[in-house]
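The structure under discussion appears below in the form of structure tokens.
The values are calculated or read from the model by the stated rules, or taken from the named source; none is laboratory data. Keep in mind the model is a prediction, meaning the values are calculated, not measured. With ideal geometry, Cβ positions are generated from the backbone for all residues, glycine too; neighbour counts draw on all protein chains shown. These accessible areas exclude ligands, DNA and RNA; they are computed on the full protein's heavy atoms, side chains included. Shrake-Rupley method; radii C 1.70, N 1.55, O 1.52, S 1.80 Å.
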Amino acid sequence: MIAVTGAGRGIGRAVAARLAAAGATVAIGDLDAELAMETAGAIGAYPGGRLLGLSLDVTDTPSFEHFLSTVETRLGPIDVLINNAGIMWVGPFAEEPEEAALRQFDVNVHGVLRGMKLAIPGMRKRGRGHVVNIASAASKVAPPGEATYAATKHALHGYSTAVRAELRGSGVQVSLVMPGVVDTELAVGTATGPTRRLTADQVADAVLDVVLRPRFEVFVPRQVAALTRLAAVLPGRARDALHHFLVPDQLAALSDRSVRAAYEQRTRTARHPEG
């Protein structure tokens with residue numbers, strides 16, 4: 001049984017659909033309860049596993065507890081938790097509203113930590129389980145214009161690394177999926193650099209693969225792994241040059257901020273939005 005957060009749209013929806021098509025029983029959690037149920041119904045129209053759509057605010061502990069307990073009551077023990085919910089603000093660091101910075105940490109970091117703390121104890125008791133955290137290539141690089149977002153993903157990488165070490169020998173796996181720029185509302189108006197923009201289905205394929213064959217770091221596309229390893233051993237000047245060539249400058253790309261207006265409005269008006 002697999003639970004996916006922030007699965008009403010974008011990457012989360014694609015992941016839920018791919019897992020269901022593979023025969024899994026999937027619980028879809030989203031801040032928008034109606035969207036979660038609609039998504040479950042739409043995916044459930046295709047052959048595959050059972051779907052359940054539920055309300056979930058990853059920034060609220062009682063909400064997350066209720067989501068997990070409802071899932072286990074109705075569908076059985078959670079074998080895999082996929083922490084996907086996330087948001088992003090793009091722009092000059094000095095112009096970022098404090099509210100936007102705090103909200104990104106609340107959803108992107110604390111929302112994931114909360115899910116791990118609530119789900120892993122039960123997995124440890126059963127001697128098996130898997131947590132898959134959807135991070136970003138920004139876990140390893142830091143694009144100009146995404147300072148806080150990159151910081152949240154760096155934090156997620158560090159936290160996942162430490163928890164994985166604590167869980168060694170317990171039967172519980174931790175994985176970190178790190179895609180490049182994906183064609184979703186979260187990334188509208190941003191640049192990809194020399195790589196192609198990914199589809200949500202490509203990320204979903206990677207998630208299905210890591211669920212079937214657990215491992216810690218998964219880059220999408222795979223070539224990014226080699227580039228990050230190369231950057232780690234280069235001297236400072238060469239590393240800076242490689243970073244300048246490969247990492248998109250989102251400040252230069254976002255010449256018209258209005259293209260992100262709808263997304264930013266949604267993340268502002270939702271009490272604790274998820275992307």
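Taken over segment 12-36, the criterion of being within 21 Å of D183 (Cα to Cα) and either free of Cβ contacts under 8 Å to residues at least 24 places away in the same chain or assigned to a helix (DSSP H, G or I) (or both) is satisfied by G12, R13, A14, V15, A16, A17, R18, L19, L35, A36.
Here S63 passes the criteria (1) of a type in the set (S, T, N, Q); (2) touching a residue at least 12 places away in the same chain (Cβ under 8 Å); (3) open to solvent by less than 30 Å² (accessible area, probe 1.4 Å) except the one numbered (2).
Scanning segment 140-169 for residues that are modelled with pLDDT under 95 and out of contact with any helix residue (DSSP H, G or I) (no Cβ under 6 Å at 6 or more places or on another chain) yields one hit, V141.
Out of the residues in segment 183-229 that are touching a helix residue (DSSP H, G or I) at 6+ places or on another chain (Cβ under 6 Å) and among the hydroxyl-bearing types (S, T, Y), state the one that is farthest from R257 (Cα to Cα). Among them, the one singled out is T184. The condition of being more than 15 Å from the chain's Cα centre (by Cα), buried (at least 19 other Cβ atoms within 10 Å of the Cβ) and not small (G, A, S) holds for only one of V177, V203, V172, V207, that being V172. Yes or no: segment 130-139 includes at least one residue that is more than 25 Å from W89 (Cα to Cα) and modelled with pLDDT of 95 or more. Within segment 130-139 (the criterion being more than 25 Å from W89 (Cα to Cα) and modelled with pLDDT of 95 or more), the answer is yes, since at least one residue qualifies.
Within segment 15-36, being open to solvent by less than 10 Å² (accessible area, probe 1.4 Å) and either under 20 Å from Y263 (Cβ atoms) or in contact with a Ser or Thr (Cβ under 6 Å, 6 or more places away or on another chain) (or both) holds for V15, I28, G29, D30, A36. Which numbered condition in (1) open to solvent by less than 50 Å² (accessible area, probe 1.4 Å); (2) under 30 Å from T192 (Cβ atoms) is the only one that G122 fails? The number of the failed condition is (2).
Strands (runs of 3 or more DSSP E) fully within segment 45-137 that include at least 2 residues being β-branched (V, I, T): 80-83, 129-134.
Of all residues in segment 37-58, those satisfying the criterion of being surrounded by 19 or more Cβ atoms within 10 Å (Cβ to Cβ) and either without any contact (Cβ under 8 Å) to a residue 12 or more places away in the chain or touching a Ser or Thr at 6+ places or on another chain (Cβ under 7 Å) (or both) are G53, L54, L56, D57, V58.
Quick check, is I82 open to solvent by less than 30 Å² (accessible area, probe 1.4 Å), hydrophobic (A, V, I, L, M, F, W, C), over 25 Å from A262 (Cα atoms) and modelled with pLDDT under 95? No, not satisfied. A165 falls short on exactly one of the conditions (1) touching a residue at least 12 places away in the same chain (Cβ under 8 Å); (2) open to solvent by 10 Å² or more (accessible area, probe 1.4 Å); (3) not in a strand (DSSP E or B), and that condition is (1). Within segment 111-159, the set of residues being under 23 Å from R213 (Cβ atoms) and without any contact (Cβ under 8 Å) to a residue 40 or more places away in the chain comprises S139, H157.
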